[in-house]
Structure formats: C-alpha cells, structure tokens
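The values are calculated or read from the model by the stated rules, or taken from the named source; none is laboratory data. Predicted model, so just to flag it, every value in this text is computed and none were measured. With ideal geometry, Cβ positions are generated from the backbone for all residues, glycine too; neighbour counts draw on all protein chains shown. For the accessible areas, the whole protein counts, side chains as well, though only heavy atoms, and no ligand, DNA or RNA atoms are used. Shrake-Rupley method; radii C 1.70, N 1.55, O 1.52, S 1.80 Å.
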Amino acid sequence: MSWSDRRSLLFSLTATAALSACGFTPVYAPGGSADGLRGAVTVAAPSDANSYELVKRLEERLGRNLSAPYALNYKITTRREEVGVTPRQEITRTQILGAIEFSVTSVASGEAVESGSLSNFTSYSTEGSTVSTASVERDAKRRLMVMLADMMVTRFTATFAGWDE
C-alpha cells in the first residue's frame with residue numbers, strides 16, 4: 001500500500017468517525033429529518049413549458065404520488081433582462097430571472113404546512129443564429145426551473161420533520 005493510499009484511507013476513516021461523533025444523520029435515512037418525504041407531496045399539474053419543467057424535476061426528486069398526504073401549489077413568474085450590450089447597442093447576453101411562490105397544504109386538514117417564495121436567475125448568450133439563440137433560451141429556462149425545483153426540495157428537506165406538528 002503506497003503512502004498516498006494510506007493517507008486517503010486514514011482521512012476517510014477520520015472523517016467517518018468525526019461525522020458519526022457529531023450526531024450526523026443523513027436526512028433520507030430511516031429516522032432522518034426527511035424520512036418519508038419521497039412520495040409525500042402531490043405537485044399541481046403544469047400549465048405551460050416552465051411549469052412542466054418544474055413539475056418534472058420535482059417529481060424526479062420527490063416521486064409521483066397522486067394520493068399523497070400533502071399538496072403543492074405554486075405560481076411561477078419570469079422576466080428577461082438584457083445584461084450584455086455592446087457600444088453599438090447589440091445585445092450579447094440575456095438573463096432570465098425567475099421567482100416561485102409556493103404553498104404545501106395538508107390534504108387532510110387543508111392547512112398550510114410550508115409556504116414561501118424563492119428566486120434565482122440564469123443567463124444565455126445571444127451571439128449566434130436565430131435558431132441557436134432560441135435553443136439556448138429554452139435551455140436557460142429549463143435550467144432555471146430545475147434550480148427553483150431543487151431549491152424547493154432543499155427547503156422541504158429541511159422543514160419536513162415539522163410538517164406534522
């Protein structure tokens with residue numbers, strides 16, 4: 001066993017011991033704070049391309065269950081902003097700013113267990129053909145919806161343990 005292999009082994013053993021000593025528990029593990037989150041939320045049906053991408057990502061991360069104990073409703077807003085302008089007033093870069101307002105309600109009681117708003121942005125280059133610009137714009141919108149969905153899942157993971165209270 002080479003010296004670098006020994007150091008890697010020693011480091012991984014030390015890291016494992018340190019994490020278990022501090023009470024670290026994976027959130028999705030049995031007894032973890034988000035144990036049971038997968039399959040627990042029914043996401044409202046999409047109504048446009050942005051919401052389709054959002055719902056697709058949420059269902060990838062949370063699972064799809066039409067009879068889940070919680071229901072997620074959301075409202076997406078986006079706007080474009082030109083950020084790269086040449087001295088000749090040609091736009092070279094565009095940002096898409098996105099925000100989502102959401103509410104998770106208990107199906108049984110009808111009460112909100114989690115709500116809030118999140119925002120993020122992405123950008124794309126407009127220096128190309130019309131076809132390539134349209135393609136990168138669609139991709140930027142898809143990436144934005146994935147980012148917003150991932151932010152929501154992170155928040156749900158952090159707060160899920162208190163939803164039953």
Starting from region 40-68, take each residue that is in contact (Cβ under 8 Å) with a residue 24 or more places away in the chain and among the small types (Gly, Ala, Ser) and list its partners that are assigned to a loop (DSSP other than H, G, I, E, B) and open to solvent by 60 Å² or more (accessible area, probe 1.4 Å), counting only C-beta distances under 9 angstrom and pairs at least six apart or across chains.
-> Ala40/Pro69; Ser51/Ala45; Gly63/Arg38; Ser67/Val107; Ala68/Val107
Looking across region 59-86 at residues that are of a type in the set (Ser, Thr, Tyr) and either in contact with a Cys (Cβ under 9 Å, 6 or more places away or on another chain) or loosely packed, with under 14 Cβ neighbours inside 10 Å (or both), the single one that is farthest from Ala149 (Cα to Cα) is Thr86
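Okay, residues lined up against (1) touching a Pro at 6+ places or on another chain (Cβ under 8 Å); (2) modelled with pLDDT under 95; (3) within 16 Å of Ala149 (Cβ to Cβ); (4) open to solvent by 70 Å² or more (accessible area, probe 1.4 Å):
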residue	(1), (2), (3), (4)
Phe11	no, yes, no, yes
Thr14	no, yes, no, yes
Val27	no, yes, no, no
Arg88	no, yes, no, yes
Val113	no, no, no, no
Hey, among the residues in region 126-156 that are in a helix (DSSP H, G or I) and either among the acidic types (Asp, Glu) or in contact with a Pro (Cβ under 7 Å, 6 or more places away or on another chain) (or both), which one's most open to solvent (accessible area, probe 1.4 Å)?
-> Asp139
Go through Gly84, Gly39, Gly31 for me and flag whichever is on the phi > 0 side of the Ramachandran plot and at pLDDT below 85.
-> Gly31
